[in-house]
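Report on the following structure.
The values are calculated or read from the model by the stated rules, or taken from the named source; none is laboratory data. Just so you know, these numbers come straight off a predicted model, no measurement behind them. As a convention, Cβ positions derive from the backbone with ideal geometry for all residues, glycine included, and neighbour counts pool all protein chains shown.
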């Protein structure tokens, strides 16, 4: 026990990135780069951890409690749609680190935690110029990992946007890139597309920790049982093996535990996003074992009495949603208008909201994702590096001369895009 405590103390001493040290100089929360979390999963092998979308404080508290209980390294994240400038949640890019740090100190959470900016969307030149200003403000506010999502764009523009924005966040920061994930309406990601993105980045000395794919899933409430295509994911990851980029799995809500186990066991995935399921659990909406919400014959959610928010508040939420003609998938937009009413609920209600999340996340971490006891592996990675900066997993392999802007545009025009299932690929 004393040795473990000593390792934790050392990790606290030099394992927190500079932005975290500046913001929280007296903190005992081990907020780390996303790279640390990735290395912990790789260190255990066939393991991935949850990246919990903290749409409200109850999700954040419950997920951190589950991680501590499982002794697992974890990520807490918020996406641009959830917590950007036009957010539908009170938790945002600029306050999420403060919330995570505060909860960790309050609850004596000692497992390593990365604070991830998910789906930072870049859909064109205007977004790119705004990102050059906005992303540094997010780092200043405590973000330790970021997903650059230019997958709305054609393949050449996606690659060029990733190259252009890379200098605007620190090298120690966890970095995720995306191919075809949002562009999923045009079809599933292909090996060719993924190689094009990762090889082009490699030629420019840019080495992502993760790549997210459109591998057959949808965000939000799953409309079909097609789900994540494990074989496709495995094939793409194997093709990228020498570039040592891990997988980031989006849209896990609605997929069976067996399918998610296969993702952990058969692919190189180390990060799995869970958003909608956790929000539903805090509200007390009935979900199946996959985290997919039940809808009754009228298409309405089924509220479980004695779970989540009070029945009275739930009736108010439903009435508010119906008055604005919100479909089930749009109830996520009610996070912001009801934030203060959620926080003002009696302690026993707030506690059961957090406990519901804790139990669900604990089950994922221990019995599905194989992430239990990855916290010490993460700490060991920090100690071995002697720094908050674990560096890159690989080095440049590709010839920069073959990846000029002109050649990038020429070669992208030759890429064939596959046709795939329709779905809501926005988060």
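Per this entry, residue 71 is not counted among residues that are without any contact (Cβ under 8 Å) to a residue 24 or more places away in the chain and either within 20 Å of the chain's Cα centre (by Cα) or under 29 Å from residue 122 (Cβ atoms) (or both).
Would you call residue 283 closer than 29 Å to residue 257 by Cβ, surrounded by 14 or more Cβ atoms within 10 Å (Cβ to Cβ), in contact (Cβ under 8 Å) with a residue 24 or more places away in the chain and more than 27 Å from the chain's Cα centre (by Cα)? No, not satisfied. Checked against (1) over 26 Å from residue 62 (Cβ atoms); (2) modelled with pLDDT of 95 or more; (3) out of contact with any strand residue (DSSP E or B) (no Cβ under 9 Å at 6 or more places or on another chain), residue 148 passes all but a single condition, namely (3). Of all the listed residues (336, 364, 390, 345), the sole one being touching a residue at least 24 places away in the same chain (Cβ under 8 Å), under 28 Å from residue 310 (Cα atoms) and not in a helix (DSSP H, G or I) is 345. Taken as a whole, the structure places residue 76 among residues that are outside any helix (DSSP H, G or I) and surrounded by 24 or more Cβ atoms within 10 Å (Cβ to Cβ). Residue by residue through region 277-296, note down the ones that are at negative phi and either at pLDDT below 90 or in a loop (DSSP other than H, G, I, E, B) (or both). Once the filter is applied, which keeps residues that are at negative phi and either at pLDDT below 90 or in a loop (DSSP other than H, G, I, E, B) (or both), region 277-296 yields 286, 287, 288, 289, 290, 292, 293, 294, 295, 296. Taken over region 37-51, the criterion of being in a helix (DSSP H, G or I), in contact with a helix residue (DSSP H, G or I) (Cβ under 6 Å, 6 or more places away or on another chain) and crowded, with 23+ Cβ neighbours inside 10 Å is satisfied by 39, 40. Only a single criterion out of (1) surrounded by fewer than 19 Cβ atoms within 10 Å (Cβ to Cβ); (2) within 24 Å of residue 75 (Cα to Cα); (3) touching a residue at least 12 places away in the same chain (Cβ under 8 Å) is not satisfied by residue 167, namely (3). The number of residues in region 297-325 that are in contact with a helix residue (DSSP H, G or I) (Cβ under 7 Å, 6 or more places away or on another chain), assigned to a loop (DSSP other than H, G, I, E, B) and at pLDDT 95 or above comes to 4.
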